[in-house]
Amino acid sequence: MINMTEDTPKLAFCRRCKKCCTASGSKIVLSKHDIRRLRDAGLTFKVRKDYRLSKMVMENGKCKFLGPEGCVLPEKVRPLDCKTYPVHFIPDGKNRYYLTIALDCPFWNKIPQSYIDYVTREAQKDFAHWSHEEQIGYWV
Ligand code: SF4
Ligand code: SF4
């Protein structure tokens, strides 16, 4: 299993890029489960409602959890969307999901199978906590 706290190839790209952690690139979805996990860790942040989904609000042009060396959140509290990107999972509310790859990420064509396997397991665990409304939220 990948230990994402180590200097993985993806995190090395993220440190230089930071695109999805800034206002120009970010559309980070926060499930209620993500929000609970972050708040339970004592973290405060702004959320905006976007139809059925909640999204992270960028403050001063960037996510408040972005440090000079990338995301400062421990892997276990990082939102699912952040954890899996540029692999993106879209649930359909019927215990299935579509997997897409964001081609605007400079890491997209370097993704090893081990990374896809890791984020797929993380997504499966996380979706078990999503409400039905959240699971169909991408389709509105
Ligand atoms: S776009 Fe890709 S490389 Fe850039 S910060 Fe996001 S995940 Fe990392
Ligand atoms: S939580 Fe971390 S990975 Fe997600 S947008 Fe914020 S800084 Fe980036």
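The values are calculated or read from the model by the stated rules, or taken from the named source; none is laboratory data. Because the structure is a prediction, the values reported are computed rather than measured. No Cβ is skipped: glycine too gets one built from the backbone with ideal geometry, and neighbour counts run over all protein chains shown.
Below is a table of values for the structure above.
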item	result
Search result, residues across the range 31-56 that are modelled with pLDDT of 90 or more, away from ligand 1 (no atom under 16 Å from the Cβ) and of a type in the set (A, V, I, L, M)	Ile35, Leu38, Ala41, Leu43, Val47
Top-ranked residue of the range 45-82 - restricted to ones that are small (Gly, Ala, Ser) and within 11 Å of ligand 2 (Cβ to nearest atom), ranked as surrounded by the most Cβ atoms within 10 Å (Cβ to Cβ)	Gly70
Residue list for the range 17-44, restricted to those being more than 23 Å from Trp108 (Cβ to Cβ), part of a helix (DSSP H, G or I) and more than 10 Å from ligand 2 (Cβ to nearest atom)	Lys32, His33, Ile35, Arg36, Arg37, Arg39, Asp40
Failed criterion for Pro106 (all others in (1) in contact (Cβ under 8 Å) with a residue 60 or more places away in the chain; (2) part of a strand (DSSP E or B) hold)	(2)
Verdict on Tyr85 being within 18 Å of Ala12 (Cβ to Cβ), surrounded by 18 or more Cβ atoms within 10 Å (Cβ to Cβ) and within 14 Å of ligand 2 (Cβ to nearest atom)	yes
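Yes or no, residue by residue, for (1) of a type in the set (Gly, Ala, Ser); (2) within 24 Å of Ser131 (Cβ to Cβ):
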residue	(1), (2)
Ser26	yes, yes
Tyr85	no, yes
Ile90	no, yes
Leu103	no, no
Pro106	no, no
Gln113	no, no
Tyr118	no, no
